Amino acid sequence: MILYLLGFCAVLLGVGMFVDWWHKRQGIDDFDPEENAKHVSESERAYMESHMQNMKNDHHNGML
């Protein structure tokens, strides 16, 4: 059973490495954040800003 689990982990790691290599080969790691920001809806922007503010508050005040 442990051998199957180790094999499964190795397969997942190998697939992840392959996907990373493929995306680097295709040039997907070159992106422009300002260009990406143009395609974000206002509701997504508001949600992310709210989430980031809550994370900052949790960091400063500590999690309860």
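The values are calculated or read from the model by the stated rules, or taken from the named source; none is laboratory data. The model shown is predicted, which means the values in this text are computed figures rather than measured ones. No Cβ is skipped: glycine too gets one built from the backbone with ideal geometry, and neighbour counts run over all protein chains shown.
The single residue among His23, His51, His59, His39 that is outside any helix (DSSP H, G or I) and of a type outside the set (S, T, N, Q) turns out to be His39. Just to be sure before I move on: is Ser50 loosely packed, with under 10 Cβ neighbours inside 10 Å and at pLDDT 90 or above in the structure I sent? Answer is no for this residue.
Can Asn57 be described as within 16 Å of the chain's Cα centre (by Cα), on the phi < 0 side of the Ramachandran plot and at pLDDT below 95? No. Taking the numbered list (1) at pLDDT below 90; (2) surrounded by fewer than 10 Cβ atoms within 10 Å (Cβ to Cβ) in turn, His23 passes all entries but (2). Evaluation of Ser41 against the conditions (1) modelled with pLDDT of 90 or more; (2) surrounded by 10 or more Cβ atoms within 10 Å (Cβ to Cβ) shows that the sole unmet condition is (2).
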